[in-house]
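This report concerns only the one structure given below.
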Amino acid sequence: MTAALLSSLAGGDVPDRPDALSFAGRVLSRERLLGAAGAVAHRISGAAAVAVHATATAETAVAVVGGLLAGVPVVPLPPDAGPVEREHILRDSGAELVLGAAGEGVDVPVDLRERADHPVPAGDPERAALILYTSGTTGAPKGVLMPHGAIAACLDGLADVWQWTAEDTLVHGLPLFHVHGLVLGVLGALRTGCRLVHTGRPSPEAYAAAGGSLYFGVPTVWSRIARDPSSARRLGGARLLVSGSAALPAPVFRELEALTGQRPVERYGMTETLITVAARPDGERLPGRVGVPLPGTRTRLAAVEDGSGIGELEVSGPTLFSGYLGRPEETARAHTADGWFRTGDIAALDPDGGHRIVGRASTDLIKSGGYRIGAGEVENALLDHPAVAEAAVVGVPHDDLGQEIVAYVVADGVTEQALIDFVAAQLSVHKRPRRVRFLDALPRNAMGKPQKRLLEGR
């Protein structure tokens, strides 16, 4: 991964340009990025791991590449993380330093003016390049160990499927602390050698003004663009509009087609697997279809009910993580006896091999605004409030966000807004409940477990 990535950065067969990378209007060349990343690499050499305060800035890209150069695992840190979440990630990952744009909580400020050469490490494809934190259905986020080789396999597979080349201009405005925005949206551009325009905030106007050939967005972004016909029509000259991180609602799919003249391309993946399935530009694009496996990836359905045609999706291939950091038992539980990863998603296979994701095996993983949020983590935060006796959190269908977080609580002497603000201060802001409903008691089964399906509509 590292050697090939740096080949693109250093020029190779791809001519560099002054505006090869743009972050909210700040531009830099690949040579400038590599020089600044080399300076970062020298400063962090020998660290066990480093965290990056992953704002949507050029400094984040430089810090991540600096980690790759130094052979040090990088831990993207959500910039809106509350003190509890931030402390957990730093402690659990063993990150010795925090890198990023100069500011509070940053140990090693990234200076884009610095320059230093750094030798390309030999590179072990099995060594962790990134430690990505993901919410499970219960408890605190887990560190996902993502090897160099898995990142390379994912990006090369997508380049093959999407015919993604150095001739493209990639546009997106996604956060840089998860797979979609960082791995695909930054490292993908560097690996293919294409120009990158990060819009800062992913507004319809910013997307329309960017003049890209390839656009990445989550359903919330595409929903907002579809509601702005003038901006949407200006995307008609793009080669591909790619949607991911959650299911794209069929009405949004159809509105984008009507306004831009092309159908969006969807893909499927998880933090633990990167992207494993993607629709092809030259294939049939239909709402709800996320395509076929990337080269080298295999999929299968487990526990298919008679006549249903659906089952839990399991995957195997070169893009998978190497385990949860410090959690061997959870790593083992996430895999079958023959080594396939259990995604927890329920899928259907079409006769031509296309995949449709139809739901979760669990009701506790919420997808809101392109983020994956564990209900248990939000519940634990609510229960930390002294006025809250019981809490249950669910995802409710929402036209813009995909799902919105709704909390049901048994509490006394506290307001809805106070609880929303309390969670936002403890965890990432995007994990806060959008609504709080007060009950006298939560419905529970004989084992005392909250029956969340009975909460719907209350």
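The values are calculated or read from the model by the stated rules, or taken from the named source; none is laboratory data. Being a predicted model, the structure only gives us computed values, none of them experimental. Counting neighbours? That spans all protein chains shown, and the Cβs are built from the backbone with ideal geometry, glycine included. To get the accessible areas, we keep the full protein, side chains included, count just its heavy atoms, and leave off ligands, DNA and RNA. Shrake-Rupley method; radii C 1.70, N 1.55, O 1.52, S 1.80 Å.
How many percent of DSSP beta bridges within the chain run antiparallel, rounded to 5?
Taking every DSSP beta bridge with both residues in the chain, the antiparallel ones total about 65 percent.
Which net charge results when you count Lys and Arg as +1 and Asp and Glu as -1 among the other residues whose beta-carbon is under 9 Å from that of residue 416?
Net of charged neighbours comes to +2.
Using modelled amide H (1.01 Å from N, peptide plane; none on Pro or chain starts), what sits under 5 Å from the amide H of residue 411, excluding residues fewer than 5 places away?
389, 439
Just to make sure I understand: if all protein chains stay in place, what is the order of 234, 356, 195 by accessible area at 1.4 Å, largest first?
Largest accessible area first, the residues go 234, 356, 195.
Ordering 29, 230 by accessible area with a probe of 1.4 Å, largest first, what comes out?
Largest accessible area first, the residues go 230, 29.
In Å, what Kirkwood hydrodynamic radius results for the chain from the alpha-carbon pair distances?
Details: mean 1/r = 0.0442 Å⁻¹.
After inverting the pairwise mean of 1/r, the radius is 22.6 Å.
At a 1.4 Å probe, what is the % contribution of carbon and sulfur to the accessible area of the chain? Walk me through the numbers before you get to the answer.
Details: 8930 of 17890 Å².
So the carbon and sulfur contribution to the accessible surface is 50 percent.
Please list the equivalent ellipsoid semi-axes of region 295-406, computed as the square roots of five times the alpha-carbon gyration tensor eigenvalues, in descending order and whole angstrom.
29, 20, 13
Please report the accessible area of residue 31 (heavy atoms, 1.4 Å probe, ligands and nucleic acids excluded) in Å², nearest 10.
Spelled out: residue 31, probe radius 1.4 Å, area about 110 Å².
Between region 163-219 and region 266-325, how many Å separate their Cα centres?
Spelled out, the Cα-based centre of one part sits 22 Å from the other.
By accessible area of protein heavy atoms, probe 1.4 Å, what ranking do 345, 352, 282 get, highest first?
In descending accessible area the options line up as 282, 352, 345.
Given the whole protein assembly as supplied and a 1.4 Å probe, what does the accessible area of residue 292 come to in Å², nearest 10?
40
If you consider only alpha-carbon coordinates, what radius of gyration and Dmax does region 362-458 have, in Å?
12.4, 36
With a probe of 1.4 Å, find how much accessible area the chain has per residue, and write the answer as a whole number in Å². If you can, show how the numbers build up before the last one.
Numbers: 17890 Å² over 458 residues.
Computed with neighbouring chains in place, this is 39 Å² per residue.
Enter the accessible area of residue 367 (Å², nearest 10), with the probe set to 1.4 Å and all protein chains included.
40
Helix-only mean residue ellipticity at 222 nm, the chain, DSSP H runs n ≥ 4 weighted -39,500 (n - 2.57), per residue, nearest 500. What is it?
That comes out to -8000 deg cm²/dmol.
Please enumerate, by chain and number, the aspartates and glutamates with C-alpha under 18 Å from the C-alpha of residue 452, excluding those fewer than 8 residues away in the same chain.
Hits, sequence-local ones excluded: 364, 377, 379, 390, 404, 440.
Along region 216-232, what does the Karplus equation 6.51 cos²θ - 1.76 cosθ + 1.60 (θ = phi - 60°) give for ³J(HN,Hα), rounded to whole Hz, x for Gly and Pro?
10, x, 9, x, 4, 5, 5, 5, 5, 5, 5, 7, 10, x, 4, 5, 4
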